[in-house]
Structures are given as C-alpha cells and as structure tokens.
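The values are calculated or read from the model by the stated rules, or taken from the named source; none is laboratory data. All of these numbers come straight from a predicted model, not from anything done at the bench. Cβ atoms come from the backbone with ideal geometry, glycine included; neighbour counts cover every protein chain shown.
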Amino acid sequence: MPIKVILFDMFDTLMLIEKNHEFYSPSLMRMYRYLNKNGIDVPFDKFNAVYIEVRDALYAKADLNWEEPHFNVRVAETLQKLGFNYDVSSPLVAAATNEFCEEFMKFVSIDKEAEAVLKQIHGKYKLGIISNFAIPECVVKLLKDNKIYELFEVVVVSGAVNKRKPHPEIFQTTLKMMGVSASEAVFVGDTIDADVEGPKAVGMKVVYIERRMQKESEKFCPDQIIKSLRELPVAVQRY
C-alpha cells in the first residue's frame, strides 16, 4: 500500500532538548517557587523529597502497563502528602504544572531542518505526532510557538491518553484518528524501544533518525536509518 501518513516522535526528533536534559532541576525549582508564593509554605528540601517519592511511585506503577498519568497527578499527590487539600482539577495544580512547562521550554529548540522538511512533505502526506510526555499542553505550546502546529492533523501525547510508546494502544489510537491502516503509515523517531520496536510491532514502517548511541536491541529493525531530517523526504519515497 502507498504511504499516506508520516507520524513523528517529538523530542530529540523534531524538537531538541538541549544541555543534556538539564531542564529538570530549574523547572522543578520554578514550580516550587510558584507554589510557595501561593500558600504552599514548606521548605524546598521537604517539597523536593516528597515530590521525588510521589514521582517514583507513579513511575513504578505506570511502568507495569506503559501508562503516563498527566503531570497534574504528581503535583496534586505531592501537595496532598504535604498536607494540602488540592486535587488534579485544582487551578493551582494546573498553574504549577504550567510553571514547570514554561521553564522546560527554555531548554528546547526546533531542529534547524524541521520546518523546511515538514513544509516540503505537507500536502503529499498527512502528518501527525505521537509523543511521550506528561504535559500535553506543553507539546502543543512548543509546536505553536515554533509555528508548525498547523502542519499536523493529529497530535497525540501520552499524558493525555494515559498510554505511552511503545505500547501498541497509542499507535493504534493515532492511526484510527487519521483513518489509515498501519501499512499506510511511517513512523519517524530517535529511540529504539519507543520509536522503532513500538511502531514495528503494530505493522508500521519505521525511519530511525540516529541522534546518539543507544544500547543495542535484538528487536532493532528500522526500515531505514537517516542522520538528519533533510534525508526524510527521499527516504519515504522509497516505500
């Protein structure tokens, strides 16, 4: 079947996270300062310790089924463990998550070839994104800020559907939304398990963009390997 859809991973494929992923500490501190100014009167060390405890417990639980709870869940549970009665629907929780997102975005930049390549293939193929990230709103904001959001028909983020790559459900959900079969879609990504093994398992073609060395995998079998996004249009034409 001819290829009708190209689906992209987000981070380190279209958007590059800079400075060796050093965003976490400043993002967490910005979130804490916001909360502290809005009535969460606890020392940072205590907040940090409880946050890490909550985060790691959520990770352990979620890893069993490849789940991805929204970031608001960890914020709300942290506040509850600290003795503050806020749930995931609280405006304070949402605002705190946004503070984390705003700081994180300072460490993210669009790949220098992404916009031109996306515009080149847009119209020839339907485009979409499948991203693992706990703050879906942050993914959308980055796409809009970089003026490429309108190029994508579908943006599916794990934190919105509570399922992350490489679980087949997130790929199948996206394919259904776009009205195509797996054999009509190509996935482009940079991570072996999430972006190669995952889409291959549901029957998609895969173009692997080689960003860095990763541990070897017996299931690593992309259809094509590229070094940069500018190679993508030619790669897809080979199908």
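Cβ-Cβ under 8 Å, sequence separation 6+ or interchain: first residue in segment 221-232 and in the same structural domain as F187 (by TED's automatic domain parsing), partner of a type in the set (K, R). Which pairs?
Hits for this filter: C221/K200; P222/K200; D223/K205; Q224/R238.
Scan L175, L151 and give me the residue that is within 20 Å of V234 (Cα to Cα), at pLDDT 95 or above and in contact with a strand residue (DSSP E or B) (Cβ under 7 Å, 6 or more places away or on another chain).
L151 is the lone residue from the list that is within 20 Å of V234 (Cα to Cα), at pLDDT 95 or above and in contact with a strand residue (DSSP E or B) (Cβ under 7 Å, 6 or more places away or on another chain).
Which of the residues belonging to segment 3-21 are more than 13 Å from V139 (Cα to Cα) and in contact with a helix residue (DSSP H, G or I) (Cβ under 7 Å, 6 or more places away or on another chain)?
I3, K4, V5, I6, L7, E18, K19
Hey, V186 hits all of (1) under 16 Å from the mean Cα position of the chain (by Cα); (2) part of a strand (DSSP E or B) but one; which does it fall short on?
(1)
State which residue is surrounded by the fewest Cβ atoms within 10 Å (Cβ to Cβ) when the search covers only segment 117-151 and only residues that are over 24 Å from E67 (Cα atoms) and of a type in the set (F, W, Y).
If we take residues in segment 117-151 being over 24 Å from E67 (Cα atoms) and of a type in the set (F, W, Y), then Y149 is surrounded by the fewest Cβ atoms within 10 Å (Cβ to Cβ).
Report, by residue number, each residue of segment 114-161 that is in a helix (DSSP H, G or I) and in contact with a Gly (Cβ under 8 Å, 6 or more places away or on another chain).
P136
Output the number of residues of segment 63-115 satisfying the condition of being of a type outside the set (F, W, Y) and free of Cβ contacts under 8 Å to residues at least 24 places away in the same chain.
16
How do the pairs read when you match residues in segment 28-56 that are under 21 Å from F133 (Cβ atoms) and not assigned by TED's automatic domain parsing to the domain that holds A95 with residues anywhere that are surrounded by 13 or more Cβ atoms within 10 Å (Cβ to Cβ) and of a type in the set (A, V, I, L, M, F, W, C), using Cβ under 9 Å and keeping only pairs 6 or more apart or on different chains?
Partner pairs satisfying both residue conditions: none exist.
Are there any pairs with C-beta distances below 7 angstrom linking a residue in segment 181-195 that is under 18 Å from R164 (Cβ atoms) and buried (at least 20 other Cβ atoms within 10 Å of the Cβ) to a residue that is modelled with pLDDT of 95 or more and of a type in the set (G, A, S), with the two at least 6 apart or on different chains, and if so which?
Hits for this filter: D195/G189.
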